[in-house]
Amino acid sequence: MIIISYDDKPGIQAIGNRYPDLMPVPGKYTTLSRDHEYIRLGAISLLAGIDLLTGTVHYKIFDKHRSVEFIEFLESLNLIYPKHIKIVIILDNLRVHTSKKTLEYLQTVPRRFHFVFTPKHASWLNIIESLFSKMTRSMLRGIRVSTKTELKERISQYIDCMNETPTIFKWKYKMDK
């Protein structure tokens, strides 16, 4: 059995500079400076899942997030893992996860996928949210790109770098001693 912690991160903004960054000037500016104005170049959606047994992150980046894109993500998982292994996916209750198109796809691969839904308003229980939080704090905050394609490439590089040395996430909760 494979267990995947899955979620999507829609609306990642591709933001470009309106004016070039200002380089540090000795005695005047000690760090890089950036004008507050920016250009919106569009948004993308990241669909990602962590294999909880190996720490590997599987992902796809799209311009939209509909049932079609979710099914494409499921199809990629179906190709990665051996056919005789059941894939358990922990996910939230977003409509695309139970849409007519998704259910039709699941019927083409009977007993291959098993969905475990997080409780309503408790998506923070899903480990993938920790990855999204880390990525937002360490890589996405303040990022400036020239195109949506560049943003997609930089996110891919970030996740590919993480996959070079995957980390197995473990929940820990300390009770009163």
Fill in the blank from the handout: The pairs in 86/120; 60/170; 60/86; 28/134; 101/134 lying past 27 Å Cα-Cα in this model are 28/134; 101/134
Completion exercise
Summing +1 per Lys or Arg and -1 per Asp or Glu among the other residues with Cβ less than 14 Å from residue 54's Cβ gives -1
Practice task
Run the numbers on the range 66-177 and let me know its relative contact order in percent, using alpha-carbon pairs under 8 Å that are six or more apart.
Solution key: 23 percent
Exercise for the section: State the label only: which of (1) 21; (2) 34; (3) 24 corresponds to percent of Cα pairs over 28 Å apart computed from the shown model? Expected result: (2)
Handout entry: Size of electric dipole in the chain: Cβ of Lys, Arg +1 and of Asp, Glu -1, about Cα centre, debye, nearest 20
Key = 380 debye
Fill in the blank from the handout: Dividing the helical contributions, -39500 (n - 2.57) per DSSP H run of n ≥ 4, by the residues of the chain yields a 222 nm value, nearest 500 deg cm²/dmol, of -8500 deg cm²/dmol
Fill in the blank from the handout: Within the under-9-Å Cβ sphere about residue 94, not counting residue 94, Lys/Arg +1 and Asp/Glu -1 give a net charge of -2
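Quick note: the coordinates plus some simple rules give every number you see, no bench work behind them. All of these numbers come straight from a predicted model, not from anything done at the bench. We place every Cβ from the backbone using ideal geometry, glycine too, and count neighbours over all the protein chains shown.
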